[in-house]
Structures are given as C-alpha cells and as structure tokens.
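Enquirer: Can you keep this structure in mind? I'll have questions shortly.
The values are calculated or read from the model by the stated rules, or taken from the named source; none is laboratory data. As the structure is a prediction and not an experimental result, all values here were calculated from the model. All Cβ positions, glycine included, derive from the backbone under ideal geometry; neighbour counts span all protein chains shown. Note: areas computed on protein heavy atoms with side chains; ligands, DNA, RNA excluded. Shrake-Rupley method; radii C 1.70, N 1.55, O 1.52, S 1.80 Å.
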Protein chains: 2
Amino acid sequence: MQREVRAVVFEDRLAVMRRPAPQARPGEALIALRLAGICNTDLELMRGYQGFSGTLGHEFVGTVLEGPPDWVGRRVVGEINVTCGECDMCRRGMRTHCRNRSVLGIQSYDGAFADVFRLPVDNLWAVPDNVPDELAVFTEPLAAACQVLEAVHIEPQARVVVIGAGKLGMLVAQVMRLTAADLVVVVRRERQRELLAGWGISAVALEDLEPGHADVVIDCTGSEPGFSTALDLVRSRGTIVLKSTYHGLATADMTRIAVNELRVIGSRCGPFGAALRLLEAGLVDPAPMIEARYSLDDAGRALEHAAGPGVFKVLLVP
Amino acid sequence: MQREVRAVVFEDRLAVMRRPAPQARPGEALIALRLAGICNTDLELMRGYQGFSGTLGHEFVGTVLEGPPDWVGRRVVGEINVTCGECDMCRRGMRTHCRNRSVLGIQSYDGAFADVFRLPVDNLWAVPDNVPDELAVFTEPLAAACQVLEAVHIEPQARVVVIGAGKLGMLVAQVMRLTAADLVVVVRRERQRELLAGWGISAVALEDLEPGHADVVIDCTGSEPGFSTALDLVRSRGTIVLKSTYHGLATADMTRIAVNELRVIGSRCGPFGAALRLLEAGLVDPAPMIEARYSLDDAGRALEHAAGPGVFKVLLVP
C-alpha cells in the first residue's frame, strides 16, 4: 500500500498534490484508480459551482484495495451519492436525494481523481468482465443518461429532439436511440455529425426543425438559449427534460410552460445497473467519444483540454 | 333582437361602446349575457398581454338567442378556445391547443363582456337547473382549477401546498380539498384565511412551512417570487404546477429543477363537464368569493375594483 498518493485538488485553484493515503471509515472501501473521466460538472466546480473545495472527480473505474473480502481485488465503478440511509428521502427509496448526502468529488466528499480514494461499499458495482476500463469509465454519465427513461416514458412513436450534443448529450442520444423513437440530435459541428453517423443517429441543424412539433426535447445545454430553443421546439403538452445545470439563475419564458401546458422534468443521477447492462450488451458504444488520456500529474492540462469547445471525453490515468 | 348592443372594448384603452348587434357565422350561436366574471387575464390583457384588441371577457353565463333550435332559450356556459378541428393538435384530441385557435375575449375573438356575443355551438354547455347564474359564472375558472387533476395525479396522502390564494387559487384550493390530500394554502391576508375557513381548508403563513417537504406545490401567483417559493417548498422529485401566466420573462433557478429532479407542469384551460358536475353536486362553493356586481356600463370601475389587492370575484351584469 502506498504511503503517499497523488490527488487532483481544487481549493480556489487546481493543484496535483501528494498526500498521505486515505483511510477507509466504517462501511467504506479503498479503491485504486484505473481510469477516470472528466465531466462538465468538474469544470463547473472549478468556476465556483457548489463552492466545492477538495479532490475532484466522480467518473471512475478502479480496483478495490481494502474492504470486505469478497470485494477486494474486484474491478468496480461506484454511485456518487453518499447517503445517510435514515432521512425521509432515503426511507422512501430516493437515496440520490438524501437530505444529508455528500457527493463524490462534488459535495463534501473527496473525489476519484487520485491514486487511491474512499467510497462506501454500498455504492460499488462490479464491472462485468467483458466491459473494458475505457467503457466502464462511462458508467456514471451513462446512468445519468438512462435517468431520462426513469423520469419520462418515451413512446416508440415519439418525436424526440436532443439539444446540446456534448459529453452527456451524446450518451443521452445513444440511450434514446434504443427506444425506437423518431430521434434527431441538433448539431453545430461536423465532428458531432460524424460521431452520430457512426451510431446511426440523425443529426440536424436547428434551422431544419419545424418549431412546435417535438413530443420530447431533451435539453443537455445547460444554457438560457438552450432552454429557449427547447420551448420553441416542443409541441403543446409536450415534455422538456432538463439534463444539465445552469450558471446561476436563468431567464425563461415561464408563461409558455403554463399556456402550452408543458412538462419540464429535471433529471440527474441514474441507475448504474441499467448502464452496466447496456455496456455489457454492447448496445451503446461511448468509445469514439474518447479524445485523449492524461496522467494524473497532467490533470491541469487535461481539464483545460476537456473545457475546449466541442471536446468530448478526456480521461485521466494514474 | 336589439339593433345595438353594449360591448366592453379594449383598444389601447377601455371603453364601453354601442355597436351593431353581432351576426352569427356558420356553426356559431348568439348568446345574451346573463352574468360575466372578471379574471386576472382580463387585467393582464389591459396591460398589453397578447397585444389583444377587441371586446374583453371569457367567463360568462348566458342564454342562447340564435342557433340550433334545441339550443335556443337554454342557459349556457362556453369553452373559450375556438378551434379549427383540422390541425394535428385537434386531430390528436388536444383542441385547447389547436394551432389555429382563437380565444374568446383573449385572442382574435370578441369576448363576453357585451349584451350579445358569438360563440361556436360546439363550445356550449347547458347549465344544470339547480346551478344558479352566480355559480355558473365560475364554470370556466373552476374548469381551469380542475385541469390540475388532468395534469397531475394527486394522491390522497400527498402533501399539497397552494400559493397565490387569489381569484384562481381559491378555486384550485377547493378542488384540491376533494382529493383528500393533506392540503394547506399559503395566505397573507385575514380575508383569505376567513374564506378558506368557511370551506374547512387550512391556511398557513409561509414562515410556518418547512422547506423541501411538499409533494406538490400549485403556484397560482404568476410571479417570480412565487415560483422561487415553490422551488423552496417542494421536495426532491416533487411537482410544481404552474397555474398562471407571468409578466414577460421570469428569472428562475433552473438548476434546482435538474438537481432536485422536479417536475414543473403547466396547466391552462380545463374540463367544463367536470366543473359543472362539481357545481351541480354542491362539492365546491365559489359564492363567498363574489365581491361586487357592476353594470356593463360601469365596466371601467368594475375592472378597477377587480385589480385591487386581495379582491376576489367581481361580476358584470347586463
């Protein structure tokens, strides 16, 4: 066991620090990182979202170093909400909304951009043998994409539009493809169009869509103009799924929600079991989204790369 | 049949005008006004909402003057959306969202604040004999209140909070009472508390509610602070029903919708049949909401009265 481990720490500014190896608390496992992914939330946290301070990172695949004997040595991914199990939300089965939760690498819990990190054993999922690390590392965002299906019943004849074809939007698009819905993804870049073509998904320019005809719009933009576009595209009594956070407050035409009787449905963390089944069955293939790999030592450059316009998944290796 | 009729016309400013009696077009009936109600939408239209110009008024009870023989002489209320019957929304059974609709007294169709006015026969509902005019005049807003039940399944064990206890909010509260839900209405005035007490509905001050514990918040405020309050009160994965329009754009914390996985559901016009059944059965009693009656000649004063703070229903009589 290493005495010192590297950790990518954000405290007002980013630094790769060497620290004493963490110690597992009761119920926790220690995990050695195999591969981590950079999410837009990491970039938001560095801009001050949540006032976060600590080790970043919540998308990972790792190996259990310490924990219950049947877990040690296993390749795992992990749910990111660390919950109390006792509040009313936990007791009602909504653990991701635990009132006392901390969140791996996002809220009051050190994250996975480190050689070794902690996570409750209850949060772990074993990775099927046929799912390589570079796919397993997408489990967390793919679960978030699957959460759209938990929140909304997508009928196979629905007209579905995905806007915001970025890191998360591309996974949402792949999940939506499986519903047999009439799916299009709004793109602005040739690279988006190429990726989507590889999965057999239709890409369109915004100008080519008729306003007011989508049954479901999934907004992965996290921007005011994005939500405004969603309001334009959706039909009356249609559904907008908010799949992203915003910088601060957003100005929106709420009257259209009332008058057009829209349903605006928020969606966050999703089912890991579903995501792992899709990866195991080869029904989604996030591999073409991988742009680059960096060592933890180069996390600063990696995060900079990930923040570039139109950049999909940047990975960190120990 | 009168040659000239009075009409309360808004064209940049309000005027009670004498005009030639309207003529029914194919499929329309002519209706003689018995009683009309002033809605907040009328007040919004006078502030420029929708750029409306024409005769105001969409809450009414009247007598059919001209139309199919089996309708003439009957006491009626009427649905306010005048629809094409041919667009995709009409064909899908969502006539209130007709793409070519006009709306009685709201959009490109002269309203009911007049001695005589037109409306398609298909929009008419006969008023049961045991429902007096002063209750029947509430059918349209009561139908809008019932629309909450069309949009959301209110479980009998749900914790429901109504905010915005005004003209519409009080009807929503009465409908919600029938669901057996654990209902409270947020009030700021003693008069609201008295009215609610008369119906056996709990009134609370906002400060007395614990944030994050309502299963459903019904926002009848149509204001930014109102929506912000709704976001405070609702639990994660709970529902906010938007039951009102806003002045222009609103600034809102959309991130909370995503992170707390909320459902924000718009709701507008509702089922007249349901509203008439409730009135016929005596399950709701809007009569205590009536503040005053004015002649059409005094419509200016009536609208001013209706715009006063905390004022409920002001009626117009021919």
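Enquirer: Under 26 Å between C-alpha atoms is the cut-off here; go through the protein assembly as shown and count lysine pairs that meet it, provided they're at least eight residues apart or on different chains.
Expert: Values: A:167/A:243; A:167/A:313; A:243/A:313; A:243/B:243; B:167/B:243; B:167/B:313; B:243/B:313.
Number of lysine pairs found: 7.
Enquirer: Let me ask another. If one takes the accessible area of chain B alone plus chain A alone and subtracts that of the pair, with a 1.4 Å probe, what total in Å², rounded to the nearest 100, results?
Expert: Values: alone 14630 and 14610 Å², together 25530 Å².
Chains B and A together bury approximately 3700 Å².
Enquirer: Beyond 26 Å, what percent of the Cα pairs of the range B:142-266 remain?
Expert: Working: 901 of 7750 pairs.
Roughly 12 percent, rounded to a whole number.
Enquirer: Nm distances between the label at residue A:13 and the same-position labels in the remaining copies, 7 Å along Cα→Cβ, shortest first?
Expert: 6.5
Enquirer: Copy-to-copy spacing for residue A:53, label 7 Å out on the Cα-to-C-beta vector, in nm, shortest first?
Expert: Label-point distances to the other copies, shortest first: 6.1 nm.
Enquirer: Here's something else I'd like to know. Along the range A:173-185, what does the Karplus equation 6.51 cos²θ - 1.76 cosθ + 1.60 (θ = phi - 60°) give for ³J(HN,Hα), rounded to whole Hz, x for Gly and Pro?
Expert: 4, 5, 5, 5, 4, 6, 7, 6, 5, 7, 9, 9, 10
Enquirer: In degrees from 0 to 90, rounded to the nearest 10, what is the angle of the helix B:224-233 Cα long axis to the longest principal axis of chain B?
Expert: Helix B:224-233 and the main axis of chain B meet at about 40 degrees.
Enquirer: Below 8 Å, C-alpha to C-alpha, sequence gap of six or more: please give me the relative contact order for chain A in percent.
Expert: Values: 700 pairs, mean separation 58.3, N = 318.
After rounding, I find 18 percent.
Enquirer: Of all alpha-carbon pairs in the range B:1-92, indicate the percentage at a distance above 17 angstrom.
Expert: Numbers: 2560 of 4186 pairs.
Tail of the P(r) past 17 Å holds 61 percent of the pairs.
Enquirer: Computing the accessible area with a 1.4 Å probe over protein heavy atoms, can you report the carbon and sulfur percentage for chain A?
Expert: Of all accessible area on chain A, carbon and sulfur atoms account for 46 percent.
Enquirer: Please list, in order along the range A:256-267, the HN-Hα scalar couplings obtained from phi with the Karplus expression 6.51 cos²θ - 1.76 cosθ + 1.60 (θ = phi - 60°), rounded to whole Hz, x for Gly and Pro.
Expert: Along the range A:256-267, the couplings run 5, 4, 6, 5, 8, 6, 7, 10, 10, 10, x, 8 Hz.
Enquirer: Now a separate question. Could you work out the Rg to Rh ratio of the range B:153-221, with Rh taken as the Kirkwood radius (inverse of the mean 1/r over all Cα pairs)? Before the final figure, lay out the partial values.
Expert: Working: Rg = 10.9 Å, Rh = 11.8 Å.
Radius of gyration over Kirkwood radius for the range B:153-221 works out to 0.92.
Enquirer: Kindly provide log₁₀ I(q)/I(0) values, in the same order as q = 0.05, 0.09 Å⁻¹, from the Debye equation applied to equal alpha-carbon scatterers of the protein assembly as shown.
Expert: -0.28, -0.79
Enquirer: Right, next: In Å², and per residue, what accessible area does the range B:92-172 have when probed at 1.4 Å with the other protein chains present?
Expert: On the way: 2740 Å² over 81 residues.
Roughly 34 Å² per residue, with all protein chains present.
Enquirer: Considering the Cα trace of the range A:4-154, what is its radius of gyration and what is Dmax, both in angstroms?
Expert: Rg, Dmax (Cα atoms, Å): 15.3, 48.
Enquirer: Highest first, please rank the peptides A:180-186, B:154-160 by the mean number of other Cβ atoms sitting within 10 Å of their residues. It would help to have the intermediate numbers written out before the result.
Expert: On the way: A:180-186: 19.9, B:154-160: 16.6.
Put in order of decreasing packing, that is A:180-186, B:154-160.
Enquirer: If you count, for every residue in B:234-246, the Cβ atoms of partner chains within 10 Å of its Cβ, what is the mean?
Expert: 4
Enquirer: May I ask for the angle, rounded to the nearest 10°, between helix A:139-151 and the longest principal axis of chain A, with both axes built from Cα atoms and the value confined to 0 to 90°?
Expert: Roughly 40 degrees, rounded to the nearest 10.
Enquirer: Please report how far the C-alpha centroid of the range A:209-277 lies from that of the range A:1-68, rounded to the nearest whole angstrom.
Expert: If you average the Cα positions of each part, the centres end up 31 Å apart.
Enquirer: Hey, what did the range B:157-246 get for relative contact order, percent, Cα under 8 Å, at least 6 apart? Walk me through the numbers before you get to the answer.
Expert: On the way: 165 pairs, mean separation 27.5, N = 90.
RCO, the range B:157-246: 31 percent.
Enquirer: So, one more: Placing +1 on the Cβ of each Lys and Arg and -1 on the Cβ of each Asp and Glu in chain A, which of A:139, A:8, A:284 has its Cα farthest towards the positive end of the resulting dipole?
Expert: The one lying farthest along the dipole's positive direction is A:8.
Enquirer: For the pair residue A:232/residue B:253, report the inter-label distance in nm, with labels modelled 7 Å from Cα in the Cβ direction.
Expert: 2.9
Enquirer: Search the structure for amide H atoms under 5 Å from the amide H of residue B:291, placed 1.01 Å from N in the peptide plane, and list their residues when 5 or more places away or on another chain.
Expert: Correct list: B:313, B:314, B:315.
Enquirer: Over the range A:258-318, calculate the relative contact order: mean separation of alpha carbon pairs under 8 Å at least 6 apart, over the residue count, as a percent.
Expert: 29
Enquirer: Just counting partner chain Cβ atoms within 10 Å, what average do the residues of peptide B:266-273 show around their Cβ? Don't skip to the end; give the middle numbers.
Expert: Values: counts 13, 5, 6, 2, 0, 0, 0, 0.
Across the residues of B:266-273, the mean count of other-chain Cβ atoms within 10 Å is 3.
Enquirer: Taking the alpha-carbon set of chain B, what are its Rg and Dmax in Å?
Expert: Final numbers for Rg and Dmax: 19.5, 62 Å.
Enquirer: Next up: So the label point sits 7 Å from Cα along the Cα-to-Cβ vector; using that for residue B:99, what distances do you get to the other copies, in nanometres, sorted shortest first?
Expert: So the distances to the same position in the other copies read 4.8 nm.
Enquirer: Let me ask you something else. Could you work out [θ]222 nm for chain B from helices alone, using -39500 (n - 2.57) per DSSP H run of at least four and dividing by all its residues? Round to the nearest 500 deg cm²/dmol. Before the final figure, lay out each step's value.
Expert: Values: 10 runs with 82 residues, N = 318.
The per-residue figure over chain B is -7000 deg cm²/dmol.
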